[in-house]
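Values in this text are rule-based calculations from the coordinates and carry no lab data. Treat the numbers as computed from the prediction; the structure is a model and nothing was measured. Methodologically, a virtual Cβ is constructed for each residue, glycine included, from the backbone with ideal geometry; neighbour enumeration extends over all protein chains shown.
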Amino acid sequence: MESNGNAQYFLCDRCGAEIDLREQVTLCPKCGGLLEVVYDMRGLRRSAHLFREFRQDSIWRWRDFFPAVKDEHIVSLGEGGTPLIKSKYLGPALGIENLYFKNDTLMPTGSFKDRGYSLAVSYAMEIGVKRGITYSSGNAGASFAAYSARAGFPGLVMVEYLASPTKKAMIMLYGAKSAVLHFKDFAQVAKLLEYAVGELGCYAFVNFINPIRHEAMKTYAYEIYSQLRRPPDWSFHGTGTGGGVYGAWKGYRELAEIGVTDRIPRMAAVQPESVAWIKAAIDSGAEEGALFGEVGHTIAQSICGNSPLQGGKRLLRCIRESGGLAMAVTDDEILEAMQDLGHEGIAAEPSSAATVAACKQAVKAGRIHAHETVVCTITGTAFKQPSVVERLVSAPQHTLEATNEDLRKLLAELDML
């Protein structure tokens, strides 16, 4: 069954222009501003029944809440429908009754980026885009490469020089055209992307510059609400360009607007301390974010962008209007959080574990209370940065020969007899 087409038009954040959804645009063709999909809320209300239960299904269960895509243009690898795992150890240790981990490490390419690229590549096929370009710190590039390969859609991945060798190799494994991108700071990357769109006519797939990707991140709100049967009190997201936290917030706002819920979580955007421009802007009361710190000074490589796209106004609005937090975490806090998650049975890359580090920090500061429900998004697998895992933990300390006597001695030594 095809979508009922509740999406109406693109609205420009900057000049207020309304742009036809079928136009092959990413930034506003009139002023270069960011575009937002506007929906017919009456139409969305007719699909409110979808939230009565959770099914372990792909993001396309929620297609009525996306721009319309015909069946033959959908490119899916089974993304979405990931587990919401209640903490068994860390929550009780922190005194938080309901701490959950949204485990997107189980996505097809090992990261949450698959939500956005499934929809964005599908929509590009729908409107007849012939080729695309994206910048990536690694995970997005692998996802774009995988979905482009599946669709037979030609695209160029500019992967940043800081990306782990494993992430670069994954991009190549999927057969993408790619190049390693060198830059001084993220502001330089943003200018390059705006040039590619405005002057070269490229169709870009970078969060926010592409107005479709964060629409798929709304499925965080849809899935978590359906899994909990309520919205959480707090929603923590590792934040690079910010499509995850903003998209989830948009999803929760839609749920409230169509009458599914009467409240919205407080959104927490988490960045490494070395590049925490969101926190700097929130703390100073600034209307826009600005360049802060230097890239490459953190192990949380997937979220180390040190400046916002077009002032980061969307993210600042998300934090302020939800009554949320902008948080900065250290590498030591991240490493400790990786071990916390390992104890829970989840292998998370540093950028994913940053949400748990921030949650612990917020609890200690008295911002989160025992009765509140908290969800930390775990956006990427530790296997994307194996060198950090090897640095964090050592190889097994015990050895034994394959004899009955050696096994008996080892079990006794480990107090397991």
Quiz prompt | Phi to ³J(HN,Hα) by Karplus 6.51 cos²θ - 1.76 cosθ + 1.60 over region 351-362, Hz, x for Gly, Pro | solution = 5, 6, 5, 4, 5, 5, 4, 5, 4, 4, 5, 5
Quiz item: Helix 404-413 versus the longest principal axis of the chain: what angle, 0 to 90°, nearest 10, using Cα atoms?
Solution: 80 degrees
Exercise. Treating only the Cβ atoms of Lys and Arg (+1) and Asp and Glu (-1) as charged, compute the dipole magnitude of the chain about its Cα centre; round to the nearest 20 debye.
Key: 840 debye
Exercise. At 0.36 nm per residue, minus the direct Cα-Cα distance, what do L392 and Y89 gain on full extension? Give it in nm, one decimal, please.
Key: 107.1 nm
Quiz item: Assuming R0 = 25 Å, what is the FRET efficiency of H369 and D262, from their Cβ-Cβ distance, to the nearest 0.05?
Solution: 0.80
Quiz prompt | Fewest-first sequence of C318, C359 by Cβ atoms within 10 Å of each Cβ | solution = C318, C359
Exercise. Collect residues whose amide H, placed 1.01 Å from N in the peptide plane, falls under 5 Å from the amide H of T381; neighbours closer than 5 in sequence don't count.
Key: E349
Quiz item: Roughly what angle does helix 243-257 make with the longest principal axis of the chain, taking Cα atoms, 0 to 90 degrees, to the nearest 10?
Solution: 70 degrees
Practice problem: Could you work out the relative contact order of the chain, using alpha carbon pairs under 8 angstrom and six or more residues apart, expressed as a whole percent? | Solution: 16 percent
Quiz item: So what is the relative contact order for region 1-159, in percent, with contacts set as C-alpha pairs under 8 Å and at least six apart?
Solution: 19 percent
Exercise. For the chain, go through all pairs of different Cα atoms, get the mean of 1/r, take its inverse, and jot down that Kirkwood value in Å.
Key: 21.8 Å
Quiz item: Can you work out ³J(HN,Hα) from phi for every residue in region 35-47, in order, using Karplus 6.51 cos²θ - 1.76 cosθ + 1.60 and θ = phi - 60°, giving whole Hz and x for Gly and Pro?
Solution: 9, 10, 7, 9, 10, 7, 5, 5, x, 5, 4, 5, 9
Quiz item: Hey, what did region 76-142 get for relative contact order, percent, Cα under 8 Å, at least 6 apart?
Solution: 29 percent
Exercise. For T330, enumerate residues with amide H under 5 Å from its amide H, sequence gap 5+ or separate chain, H modeled in the peptide plane.
Key: E273
Quiz item: What cysteines in the chain have no other cysteine with a beta carbon less than 4.7 Å from their beta carbon?
Solution: C202, C304, C318, C359, C376
Self-check item: Sorted by Cβ density within 10 Å, fewest first, the residues I346, I85, I264
Solution: I85, I264, I346
